[in-house]
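First the structure, in the form of structure tokens, and then the observations on it.
Every number here is computed from the coordinates shown, using simple stated rules; none is lab data. What you are looking at is a predicted structure, and each value in this text was computed from that prediction instead of being measured. Quick reminder, even Gly has a Cβ in these numbers, built from the backbone with ideal geometry, and neighbours come from all protein chains shown.
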Amino acid sequence: MPEPSFLTETRTGYDTIAAAYAEHFAGELDSSPWQRAILGAFAEIVGAGEPVADIGCGPGRVTGFLAEHGLAVRGIDLSPAMVELARRHHPDIRFDVGSMTALDISDGSLAAVVAWYSLIHIPPAARPGVLAEFHRVLRPGGRLLLGFQVGTEVKHHEEGFGFAVSLDFHRILPEEAAASAEAAGFTVDMRFVREPAGWEPTPQAALLLLRPN
Ligand SMILES: C[S@@+](CC[C@H](N)C(=O)[O-])C[C@H]1O[C@@H](n2cnc3c(N)ncnc32)[C@H](O)[C@@H]1O
């Protein structure tokens, strides 16, 4: 079966902007206490040494943060250029090219999955399949952390960091994400919504979900 066009366009877009994205967001966690608080609490809840995948890891800034907080984390991204940068920035962490729509990870093998601003590139119709994949790779008691922009629109970008791209950003309502995750078998542990800061055009949300025993 041919690859869905949303995957091809997202891969091409992020391959094109990978270096500029990595440079732009290099220090962003340092100036974002909320992100550090959520990711730090997530690392503490999951527990040091536990196997975790950061899916849609980009250049690996969150992967690196979680590794510094003791998790046995690996990164996976659709964009080979992003994976190459992540390997260069974090030579001690494993990074692989792959898609959250069909993960090359065994059933029940992970303590946690993070999809930090990456589920936003999955059209709503494909979201249940991705949540089912996250559920499949988590062991009972495992956790899923999602970060995303709040809203109902699809923001289409024909330009990113001065380059021509074709990228869709699907904003998501927290209640909609929670309902989709519950339909996939998760329960909701934590919902977080904050107002936009600085350049951000929308409120930002995080959900921590549990795969029950
Ligand atoms: C906005 S960036 C976020 C990167 C990183 N999580 C961060 O916070 O810096 C979105 C990333 O998700 C990746 N991505 C998009 N769709 C994906 C998919 N189907 N599977 C894996 N990664 C995907 C993109 O290649 C890109 O690196």
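In percent, rounded to a whole number, the relative contact order of region 108-213 is 31, using alpha-carbon pairs under 8 Å and six or more apart. Under conditions of 25 °C and 0.890 mPa s, region 150-213 yields 181 µm² s⁻¹ as its translational diffusion coefficient, taking Rh as the Kirkwood radius over Cα pairs in the Stokes-Einstein equation.
Between Ala37 and Met1, residue separation times 0.36 nm minus the direct Cα-Cα distance comes to 8.8 nm. Across the alpha-carbon set of region 15-118, the Rg to Rh ratio works out to 0.94, Rh being the Kirkwood radius.
Length available on full extension from Asp189 to Glu68: 0.36 nm per residue minus the Cα-Cα distance, which gives 41.2 nm. At most 16 other Cβ atoms within 10 Å and a DSSP loop assignment: could you name the chymotrypsin sites (Phe, Trp or Tyr not before Pro) in region 140-181 that fit? In loop regions of region 140-181 (DSSP not H, G, I, E or B), the sparsely surrounded chymotrypsin sites (Phe, Trp or Tyr not before Pro) are Phe161.
As a length-normalised measure over Cα pairs under 8 Å and 6 or more apart, the relative contact order of the chain settles at 19 percent.
Between Glu159 and Leu173, the contour length at 0.36 nm per residue exceeds the alpha carbon distance by 2.5 nm. Counting DSSP beta bridges in the chain, what percent are antiparallel, to the nearest 5? Taking every DSSP beta bridge within the chain, about 55 percent pair in antiparallel fashion. Distance distribution note for region 70-173: the fraction of Cα pairs above 18 angstrom is 56%. Scoring 121-131, 45-55 by mean Cβ neighbours within 10 Å over their residues and listing the highest first yields 45-55, 121-131.
Hey, how much of the P(r) for the chain falls beyond 28 Å, as a percent of Cα pairs? When all Cα pairs of the chain are counted, 20 percent exceed 28 Å.
Look at the dipole of region 41-87 built from charges on Cβ: of Val62, Val52, Pro80, the Cα furthest out on the positive end belongs to Pro80. In a reduced charge model with +1 at each Lys and Arg Cβ and -1 at each Asp and Glu Cβ, the chain shows a dipole moment near 440 debye about its Cα centre. Looking at region 1-51, I'd like the Rg to Rh ratio, where Rg is from alpha-carbon atoms and Rh is Kirkwood's inverse mean 1/r. Over the Cα atoms of region 1-51, Rg/Rh equals 1.17.
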